[in-house]
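Here's the structure we're looking at; comments come further down.
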Amino acid sequence: MALSKTVAESAEVGRAGILDAAALLFGRQGYGAVSLRMIAEAAGIKAGSIYYHFASKDDIITEILDAGIRAVHGEVGARVAALPADAPARDVFRAVLRGHLCALLEHGDYTSANVRIFGQVPPAVRDANLPVRRAYESFLDDLLSELQVRGAIRSDVNLTRFRLLLIGALNATLEWFDPQRGGAEALADDYVDIFLNGVLAQTGDNT
């Protein structure tokens, strides 16, 4: 027996096609403004076809949030792992910032959707995303702690607050980043200089 048109189009587009369309819409319009019908239209299928893959809009959102965090975590982890074991702290820090910003700004809609809609989604969806989010935060905490032990970060710096400051500053670039004025890696290098060298001139008038 031939598949119905709804089943056939769902199989052709698949979960990935639906998620791609949804990530683009959520990143641009936010959580509340996007409906399942809009996602289906963007994916080129009928609204009912979505239910062959997802039970609800929040199921789609959960996968997008997880994928966005994993993309950033994977990019940062790969760049850090590529460094030699005795890499200078500056190079490790640069790898973290470059990886986070490149994943966020240059590699897809999932990372930007994650940043833009996490605060808009229902509490149950945020809770479902927490294990993946906390895994990335734990990775950064361990890395920063290692740098602190090596003496590259001052011993009196609260690493949890520093990590929050760091991620907040990096994620905020989504609101103003313009690739025509320089790439993500160049921006990361500017941030490395600011974080490591400060902004105040070393003179007697900076108190």
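The values are calculated or read from the model by the stated rules, or taken from the named source; none is laboratory data. What you see is a predicted model, and the numbers here were worked out from it, not measured in a lab. Cβ placement follows ideal geometry from the backbone for every residue including glycine, while neighbour counts extend to all protein chains displayed. Ligands, DNA and RNA are excluded from the accessible area calculation, which covers all protein heavy atoms including side chains. Shrake-Rupley method; radii C 1.70, N 1.55, O 1.52, S 1.80 Å.
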Selection within the stretch 148-158 - surrounded by fewer than 17 Cβ atoms within 10 Å (Cβ to Cβ) and in contact with a helix residue (DSSP H, G or I) (Cβ under 9 Å, 6 or more places away or on another chain): Arg150, Gly151, Ala152, Arg154, Ser155, Val157
Filter result for Leu187 (assigned to a helix (DSSP H, G or I), under 26 Å from Thr62 (Cα atoms) and not basic (Lys, Arg)): no
Where Phe162 falls short, out of the listed (1) open to solvent by less than 50 Å² (accessible area, probe 1.4 Å); (2) within 16 Å of the chain's Cα centre (by Cα): (2)
Criterion (under 19 Å from Val115 (Cα atoms) and outside any helix (DSSP H, G or I)) met by exactly one of Ala87, Ala33, Ala55: Ala33
Filter pass, Ala47 being under 19 Å from Ile167 (Cα atoms) and modelled with pLDDT under 95: no
Candidates Leu25, Leu83, filtered to the one that is surrounded by fewer than 17 Cβ atoms within 10 Å (Cβ to Cβ), in contact with a helix residue (DSSP H, G or I) (Cβ under 8 Å, 6 or more places away or on another chain) and not charged (D, E, K, R): Leu83
Ile167 more than 13 Å from the chain's Cα centre (by Cα) and buried (at least 16 other Cβ atoms within 10 Å of the Cβ): no
Unmet criterion (only one of (1) within 30 Å of Ala33 (Cα to Cα); (2) of a type in the set (D, E, K, R); (3) at pLDDT 95 or above) for Arg161: (1)
Within the stretch 111-122, tally of residues that are open to solvent by 20 Å² or more (accessible area, probe 1.4 Å) and not in a helix (DSSP H, G or I): 4
Residue in the stretch 100-108 that is closer than 18 Å to Ala172 by Cβ, open to solvent by 10 Å² or more (accessible area, probe 1.4 Å) and in contact (Cβ under 8 Å) with a residue 60 or more places away in the chain present: yes
Residue within the stretch 123-146 that is of a type outside the set (Val, Ile, Thr), in a loop (DSSP other than H, G, I, E, B), out of contact with any helix residue (DSSP H, G or I) (no Cβ under 7 Å at 6 or more places or on another chain) and open to solvent by 40 Å² or more (accessible area, probe 1.4 Å) present: no
Residues of the stretch 109-146 satisfying the condition of being of a type in the set (S, T, N, Q) and free of Cβ contacts under 8 Å to residues at least 60 places away in the same chain: Thr111, Asn114, Ser138, Ser145
Check on Ile45, surrounded by 19 or more Cβ atoms within 10 Å (Cβ to Cβ), aliphatic (A, V, I, L, M), part of a helix (DSSP H, G or I) and more than 13 Å from the chain's Cα centre (by Cα): no
Some residue of the stretch 170-178 being charged (D, E, K, R) and at pLDDT 90 or above: no
